[in-house]
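Written out below as structure tokens is the structure these notes cover.
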Amino acid sequence: MPMNAETSLYRAHLDTIKARADAALQKGGFDHLLIASGVEKFEFLDDRPYPFRPNPQFKAWLPLTRHPQCWIAYTPGRKPVLVYFQPDDYWHVPPSPPSGVWVDEFDIRVVSDPAQVAQHLPANGRAAIIGEADAAVPGFAPNDPRTVIDYLHYQRAYKTAWELERMRAAQRRAVPGHLAAREAFLAGASEMAIHAEYLRATGHTDLDLPYTNIVCLNEHAAVLHYQYKDAAAPTRSRTLLIDAGAEVDGYNADITRTWGDGDERFERLVAAVDAEQQALCGLVRAGTDYRELHLQAHLRLGNVLRTLGVVDMDPGDMLATGVTSVFFPHGLGHPIGLQVHDVAGFQDEDGQLIPRPEGHPYLRMTRTLAPGMVVTIEPGLYFIPMLLAQLRETPQAKHVDWDLVEHFLPFGGVRIEDEVHCTDGEPENLTRDAFA
């Protein structure tokens, strides 16, 4: 993108952020908004730092993701102040001098000592101070007023044009990793080696991924948030389920793909889930209650179970009796943006809870879709021994082809996940566009 176009997009983005801040401050009765980027944290009884993760409300204003001890001070009607921490340090590489499309939009005050921060923050008036408690500087302790935070969180669901460009770029960064992972799987690589190929292709390290990659071979695909990576390859690699993302300027991608080794029945399962996933992506339309989309996913996946002969029941009866939840035990998706599981998925602008459907405790999105929202659509079908054992003890067990279930158990399961932008018309599938 040409620099002047990027600058224009960023300025429009910042205008939106300031307008939201104005409304939040008025709603809460505050004069100033102060946002701390956060501080570096260390392991208990050690001098080794954890990877730094900035306050998401800080990086909503500008794309600084490796900058602890910085502050934004905003007063409506005035140019926002950025207190930019640039220490003298020969142990580590300090932040570079401020640069980028955002520099002209801030009154930048460079400090070399955190003790200097307070002198650049407003001395009078009521301040809403957003940050963790340990980010406090003398005279300015975070108070995190709920009225302000709830409003800002709610508004973050609506992405600006600048944010959408960052999110498209994050998709384009993640896709080569998924393709490299598939090639490594087909070559018989271990989970650890597949993960290494993903990192190589995306230019990420383990420390700067937006979340810990989920790299599952075979029955590990039945563990929803499988947290390990075996160094040894299995004798037969039946399945690769990889849930892995990427990051650009603080905005995240979250993509899942499942690949098989050619087993005819499992390939039919993957193809069927993929077809229903694409159909669900097409239903990301303004005015649609995401809860209804989640229940639609259960009915569609129930039809897959019936069509493939796994469960001989009406999909509506499967949903009503909890059978679909045995095979699809998580939510359809979540908002995404500055955080992978972005905030305010089930609240209104006053912070009031929008309840989940009864019997679906893990759904992370209950709002009605509107233009500017970006959500994940990630249906799956899994063969989880613990849940299947519970199903065996129910009256519905007689409708299950347990021999077919036994066939699928070593494959673990299937999940397909895309990110979809709700527009005024046809949805924009950011993930499929990046793969194309």
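The values are calculated or read from the model by the stated rules, or taken from the named source; none is laboratory data. On a predicted model such as this, the values are computed, not experimentally measured, just so you know. Using ideal geometry, Cβ is built from the backbone for each residue, glycine included, and neighbour counts are taken over all protein chains shown. Keep in mind that these areas ignore ligands, DNA and RNA; they rest on the heavy atoms of the full protein, side chains included. Shrake-Rupley method; radii C 1.70, N 1.55, O 1.52, S 1.80 Å.
The table below lists the values:
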quantity: Residue check, residue 18 basic (Lys, Arg) and in contact with a strand residue (DSSP E or B) (Cβ under 6 Å, 6 or more places away or on another chain); calculated: no
quantity: In the range 38-56, the residues that are within 25 Å of residue 168 (Cβ to Cβ) and in contact with a strand residue (DSSP E or B) (Cβ under 8 Å, 6 or more places away or on another chain); calculated: 55
quantity: Output for the range 201-213, where each listed residue is out of contact with any helix residue (DSSP H, G or I) (no Cβ under 6 Å at 6 or more places or on another chain), aliphatic (A, V, I, L, M) and open to solvent by 10 Å² or more (accessible area, probe 1.4 Å); calculated: 207
quantity: Some residue of the range 142-162 being out of contact with any Gly (no Cβ under 7 Å at 6 or more places or on another chain), without any contact (Cβ under 8 Å) to a residue 12 or more places away in the chain, more than 30 Å from residue 369 (Cβ to Cβ) and open to solvent by 10 Å² or more (accessible area, probe 1.4 Å); calculated: no
quantity: Condition check for residue 382: under 23 Å from residue 245 (Cβ atoms) and either under 18 Å from the mean Cα position of the chain (by Cα) or free of Cβ contacts under 8 Å to residues at least 24 places away in the same chain (or both); calculated: no
quantity: Scope the range 155-195; condition over 22 Å from the mean Cα position of the chain (by Cα) and not in a helix (DSSP H, G or I); matching residues; calculated: 187, 188, 189, 190
quantity: Filter result (without any contact (Cβ under 8 Å) to a residue 60 or more places away in the chain and either under 19 Å from residue 202 (Cβ atoms) or surrounded by fewer than 21 Cβ atoms within 10 Å (Cβ to Cβ) (or both)) within the range 227-251; calculated: 227, 228, 229, 230, 231, 232, 233, 234, 235, 236, 240
quantity: Of all residues in the range 396-425 being free of Cβ contacts under 8 Å to residues at least 60 places away in the same chain and not in a loop (DSSP other than H, G, I, E, B), the one that is farthest from the chain's Cα centre (by Cα); calculated: 398
quantity: Criterion violated by residue 175 - all others in (1) touching a residue at least 24 places away in the same chain (Cβ under 8 Å); (2) open to solvent by 40 Å² or more (accessible area, probe 1.4 Å); (3) under 30 Å from residue 241 (Cα atoms) satisfied; calculated: (2)
quantity: Test result for residue 370, farther than 30 Å from residue 153 by Cα, at pLDDT 95 or above and open to solvent by 10 Å² or more (accessible area, probe 1.4 Å); calculated: no
quantity: Pairs with Cβ under 7 Å, 6+ apart, first in the range 128-141 and under 18 Å from residue 29 (Cα atoms), second in a loop (DSSP other than H, G, I, E, B) and open to solvent by less than 50 Å² (accessible area, probe 1.4 Å); calculated: 128/30; 128/145; 129/142; 130/55; 130/142; 140/121
quantity: The range 355-375 - residue that is without any contact (Cβ under 8 Å) to a residue 40 or more places away in the chain and not aromatic (Phe, Trp, Tyr) and, of those, nearest to residue 162 (Cα to Cα); calculated: 364
quantity: Cβ pairs under 8 Å, 6+ apart, first in the range 192-203 and at negative phi, second part of a helix (DSSP H, G or I) and open to solvent by 40 Å² or more (accessible area, probe 1.4 Å); calculated: 197/183; 201/176; 201/179; 202/173; 202/176
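Here is a yes/no grid of residues against (1) touching a helix residue (DSSP H, G or I) at 6+ places or on another chain (Cβ under 8 Å); (2) closer than 28 Å to residue 220 by Cβ; (3) at pLDDT 95 or above; (4) hydroxyl-bearing (Ser, Thr, Tyr):
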site: 305; (1), (2), (3), (4): yes, yes, yes, no
site: 312; (1), (2), (3), (4): yes, no, yes, no
site: 320; (1), (2), (3), (4): no, no, yes, no
site: 338; (1), (2), (3), (4): yes, no, yes, no
site: 349; (1), (2), (3), (4): yes, no, no, no
site: 362; (1), (2), (3), (4): no, yes, yes, yes
site: 375; (1), (2), (3), (4): yes, yes, yes, no
site: 379; (1), (2), (3), (4): yes, yes, yes, no
site: 386; (1), (2), (3), (4): no, yes, yes, no
